[in-house]
Amino acid sequence: MELIIGPRLYSTWSLRPWLVLKRCKADFTVREIDIYSPAGQAELERISPSRLVPLLNVDGETVWDSMAISVWCAERYPEAKLWPSDAHARWLARSAACEMHGGFMALRTACSMGPDHTMVGPDRSPPPKGEAVDRDIRRIVELWKQMRGRFGAGGPYLFGEWSVPDAFFTPVATRFRHFQVDLAAQGDDGTAAAYRDALLAQPDFLEWSAEALR
Ligand SMILES: N[C@@H](CCC(=O)N[C@@H](CS)C(=O)NCC(=O)O)C(=O)O
């Protein structure tokens, strides 16, 4: 099984299924494509149905899109408990992960990762400005507080134990760190900051970070 990803320093969509596969203790290899180079673009054109990464090559098929790969993993590795076992928590965990997968465009645009903005590097950039991006941050803070408050008793992650939404929000945590986002200014009482820090300290993410900086 092979996961094809973009550059580890910047490719937020690639990080998500990598974290999920690690959680599953899956046996997989990684191929990193430099999507910013002409050769990488040509390779994308050749191998990716969507011309995007991540891709998972498995059982003679290519599964594309971070969410589709995560759903595939949940089917293939039920023992990894990638979604919460409580039904109510599970419904909302899927809503939260899908809201991230399809939304927060203002935040993603204002805090886009790329050569000057890495998920892991020590450099920091000034906070983003604007009503739309503030609205996105407020919504994320509200969502994180609600889910942590209702379902977070069993651990430091959004639904207590680590689950798919945590994979989807880890790159958001890296953006909050890199762009020095003041969560308290958007309604945080410390809950969202603590969750951000838990994601940034998660062992698999630290492994990804070390590999990215190598
Ligand atoms: N909805 C897709 C988004 C994937 C995506 O946007 N990937 C970016 C890299 S992070 C990409 O492949 N970009 C190719 C390009 O810019 O040419 C997913 O969830 O996998």
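Values as computed for the structure displayed
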{"quantity": "Euclidean distance of C-alpha centroids, region 26-42 and region 90-156, integer Å", "calculated": "26"}
{"quantity": "Nonlocal amide H pairs with GLY6, under 5 Å, H built at 1.01 Å", "calculated": "SER14, ILE33"}
{"quantity": "Accessible-area ranking of ARG51, ARG108, ARG46, largest first, probe 1.4 Å", "calculated": "ARG46, ARG51, ARG108"}
{"quantity": "Ranked by how many other beta carbons lie within 10 Å on average, peptides 20-28, 33-41 from highest", "calculated": "20-28, 33-41"}
{"quantity": "Label point at THR29 placed 7 Å out along Cα→Cβ; residues across region 45-66 whose backbone nitrogen lies under 13 Å", "calculated": "57-58"}
{"quantity": "The chain: proportion of alpha-carbon pairs further apart than 28 angstrom, %", "calculated": "26"}
{"quantity": "Spatially close lysines, pair count over the chain: Cα under 24 Å, gap of eight or more or interchain", "calculated": "4"}
{"quantity": "MRE, 222 nm, helices only [DSSP H, n ≥ 4, -39500 (n - 2.57), over the chain, to nearest 500]", "calculated": "-16500 deg cm²/dmol"}
{"quantity": "Full-stretch length increase - ARG46, ALA184 - with 0.36 nm per residue and alpha-carbon distance subtracted", "calculated": "45.1 nm"}
{"quantity": "Residues ARG177 and TYR77, FRET efficiency given R0 of 35 Å [Cβ-Cβ distance, rounded to 0.05]", "calculated": "0.75"}
{"quantity": "Shape box of region 73-194 [Cα atoms, principal axes, largest first, Å]", "calculated": "41, 30, 24"}
{"quantity": "Estimated inter-spin distance, ALA210 and GLU99, nm [label 7 Å along Cα→Cβ]", "calculated": "3.5"}
{"quantity": "Pair-distance profile P(r), taking every C-alpha pair of region 2-80, with 10 angstrom steps and integer %", "calculated": "20, 55, 22, 3, 0"}
{"quantity": "Theoretical gain in end-to-end length, TYR36 to ASP197 [0.36 nm per residue, Cα-Cα removed]", "calculated": "55.0 nm"}
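The values are calculated or read from the model by the stated rules, or taken from the named source; none is laboratory data. Owing to the predicted nature of the structure, the values given are computational and were not obtained by experimental measurement. Reconstructed Cβ throughout: ideal geometry from the backbone, glycine too, with neighbour counts over all protein chains shown. Heavy atoms of the whole protein, side chains included, go into the accessibility calculation; ligands, DNA and RNA do not. Shrake-Rupley method; radii C 1.70, N 1.55, O 1.52, S 1.80 Å.
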